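J.: Provided herewith is a single structure, encoded as structure tokens, for subsequent inquiry.
The values are calculated or read from the model by the stated rules, or taken from the named source; none is laboratory data. The shown structure was predicted, so the numbers you read here are calculated from the model rather than taken from an experiment. When we count neighbours, we look across all protein chains shown, and the Cβ atoms used for this are built from the backbone with ideal geometry, even at glycine. Accessible surface is based on the protein model in full, side chains and every heavy atom, while ligands, DNA and RNA are left aside. Shrake-Rupley method; radii C 1.70, N 1.55, O 1.52, S 1.80 Å.
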Amino acid sequence: MSNLLLSYYGDDFTGSTDVMEALASNGVPTVLFLGIPSGAMLERFKDCRAIGIAGTSRSETPEWMERNLRPMFSWLKSLNSSICHYKVCSTFDSNPKIGNIGKAIEIGRALFNPSTVPVVVGAPQLRRYTAFGHLFAAYQGQVFRIDRHPVMSRHPVTPMDEADLAIHLRKQTSLPVSLADLTTMVAPDADERIDGLAREGDGILLMDVVSPETQAAAGRQLWRLKGKGNAFVAGSSGVEYALLNAWRDERLIGPKPEFQQPGKVERLAVVSGSVSPTTERQIRRATTEGFEGIAVDPLELVGENAEIALEMAANAGAASLKKGRSVILHTALGPSADRGGDIDRIPGARHRLGQALGILLRRLIEQEGLGRAVIAGGDTSSHALQELRVEALTTLLPLPQTPGSPLCTAHGSYAPTNGLQIALKGGQVGTDDYFAQIRDGRGS
């Protein structure tokens, strides 16, 4: 590939579409693959200027990362893009045993051999902010320190109990962690200060971002540091939002494209494995806007009679769709319905649950000839989408009101899902009318 500005690996599927949306909506043609593509599939998107791989490392062990991230990073390196990005969730939720960000950085660092790995997490567009190394995130109109966030501090798998990202990372890696804080980012001698931190740290360099000014400064530093051999970076889609400033300054990208709204579909199918209160509100709102909600027992989907449970859920969903209604099949309605403790007693059950929801959605798409669908839940999306036999995604409709959850077009060799319009929604992402917005195909 030539003239490639960026390549990236997303640690879950919703985060991967978040990056794709940020780039595509700002004039950087982008394709997201669901694995290392064939030569023919890669050739199909040869004009793209950014290429991503959607992964699942956010819900995987360090041992899994060791086996799987190395070949993924090696392939991305072979693309010779200007920068390669290991993309993590903007809430940075992870721990030493699951979704270990420090381990992923170690693997990338060994392959790309930078003197330092810049890390940008703050993304004002997503209402995520880092100030003096501490992470803050919005919820219901208020901004919380991440360890006091009503949702992320109680995440069922990787609760965030530490807001200081340097301390958080030191629990996951022995690499030294340094910080370019707010005063450094906007200082007149920022270049010299940051070069000094990079030389002294020889590990990970966190960069604060709280505003358009500090985001632009971070983008300039990322682009400048890559010229010093630091082409591997980590962080949220804040990396892309920052880089867009630098690319515009150097006239490397064109104007923002116009996206046509695809319009309303009569029937939409949603599967949800999210226990987030945000998704709960969205489901309850949708049932007042023409959707039928169908509860599915998650333990039955991963139990001994999983196939029977799957068939019953598919029949219930199909019956609703045949009546001309949109449907949401959900395994929980908010935190009070979380069966996570019971699920975790069954080895591998969380992954199997996501896969089961994917199979369920595929059956509905096949049986009812659906052209649009939604998967809700970050970890759910990562495992469910693979069951749809999709090979790549491109952005169909960005959603400015809820960035990070665009409507996408699916590509592949499997006819029922080739051309499918699909949205992947993180648990805490979106306004209350999100599902109706996707059904109606409107960007605002």
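J.: Give the distance, in whole Å, between the Cα centre of region 355-370 and the Cα centre of region 22-52.
T.: Taking the Cα centre of region 22-52 as reference, the centre of region 355-370 is 26 Å away.
J.: For Cα pairs less than 8 Å apart in space and 6+ apart in sequence, what is the mean separation divided by the residue count of region 99-247, i.e. the relative contact order in percent?
T.: Rounded, it is 34 percent for region 99-247.
J.: Tell me, what is the per residue accessible area of region 278-337 in Å², probe radius 1.4 Å?
T.: Solvent-accessible surface per residue comes out at 46 Å².
J.: Oh, and also: Hey, can you grab everything whose amide H is under 5 Å from the amide H of TYR139? Only 5+ residues off in sequence or another chain; H modelled, so Pro and N-termini drop out.
T.: Answer set, sorted by chain and number: PHE144.
J.: Tell me which of SER174, PRO96, PHE132 sits at the most positive position along the dipole axis of region 46-195, charges placed on C-beta atoms (Lys, Arg +1; Asp, Glu -1).
T.: Positive-most Cα among the choices belongs to PRO96.
J.: Rounded to two decimals, what ratio of Rg to Rh does region 253-341 give with C-alpha atoms and a Kirkwood Rh?
T.: That ratio is 1.10, to two decimals.
J.: Could I ask something else about it? How high is the FRET efficiency from ILE167 to ALA337, r the C-beta distance, R0 35 Å, rounded to 0.05?
T.: With a Förster radius of 35 Å, E is 0.60.
J.: Here is a follow-up. Run lengths n ≥ 4 of DSSP H only: what is the helix-derived mean residue ellipticity at 222 nm for the chain, with -39500 (n - 2.57) per run over all residues, to the nearest 500?
T.: Calculated from helices alone, the mean residue ellipticity at 222 nm is -11000 deg cm²/dmol.
J.: In addition: Could you let me know the centre-to-centre spacing of region 426-444 and region 126-182, using Cα atoms, in angstrom?
T.: The two parts, judged by their Cα centres, are 26 Å apart.
J.: Sorting check: for 188-196, 56-64, 431-439, which peptide has the highest mean count of neighbouring beta carbons within 10 Å, and how do the rest follow?
T.: Values: 188-196: 14.0, 56-64: 19.7, 431-439: 21.6.
Taking the mean over residues of other Cβ atoms within 10 Å, the ranking is 431-439, 56-64, 188-196.
J.: Write down the percent of antiparallel bridges among all DSSP beta bridges whose residues are both part of the chain, to the nearest 5.
T.: 30 percent
J.: Here is a further query. With +1 assigned to the C-beta of every Lys and Arg and -1 to the C-beta of every Asp and Glu, and no other charges, what is the dipole magnitude of region 102-236 about the Cα centre in debye, to the nearest 20?
T.: 420 debye
J.: Show me the ranking of peptides 370-376, 407-413, 258-264 by mean Cβ neighbours inside 10 Å, starting with the highest.
T.: Descending packing order for the listed peptides: 370-376, 407-413, 258-264.
J.: Could you tell me whether region 155-204 comes out rounded, prolate or oblate from its Cα gyration tensor? Rule is a ≥ b ≥ c as square roots of the eigenvalues, rounded for a/c under 1.5, then prolate if a/b exceeds b/c, otherwise oblate.
T.: Here region 155-204 falls in the oblate category.
J.: Note down the magnitude of the dipole of the chain about its Cα centre, charges +1 on Lys and Arg C-beta and -1 on Asp and Glu C-beta and zero elsewhere, to the nearest 20 debye.
T.: Charge dipole, the chain, about its Cα centre: 580 debye, nearest 20.
J.: What is the distance in Å between the Cα centres of region 252-276 and region 198-228?
T.: Between the Cα centres of region 252-276 and region 198-228 lies a distance of 31 Å.
J.: Let me ask another. Looking at the chain, what % of the alpha carbon pairs are farther apart than 42 Å?
T.: 10 percent
J.: For LYS226, give me every one of the aspartates and glutamates with a C-alpha distance below 19 angstrom, ignoring sequence neighbours fewer than eight places off in its own chain.
T.: Answer for LYS226, where 19 Å is the Cα cut-off: GLU106, ASP189, ASP191, GLU192, ASP195, GLU200, ASP202, ASP208, GLU240, ASP249, GLU250, listed by chain and number.
J.: If amide H atoms are built 1.01 Å from N in the plane of the peptide, which residues on other chains or at least 5 residues away come under 5 Å of the amide H of ARG128?
T.: For ARG128, whose amide H was placed from the backbone, the distant partners under 5 Å are ALA123.
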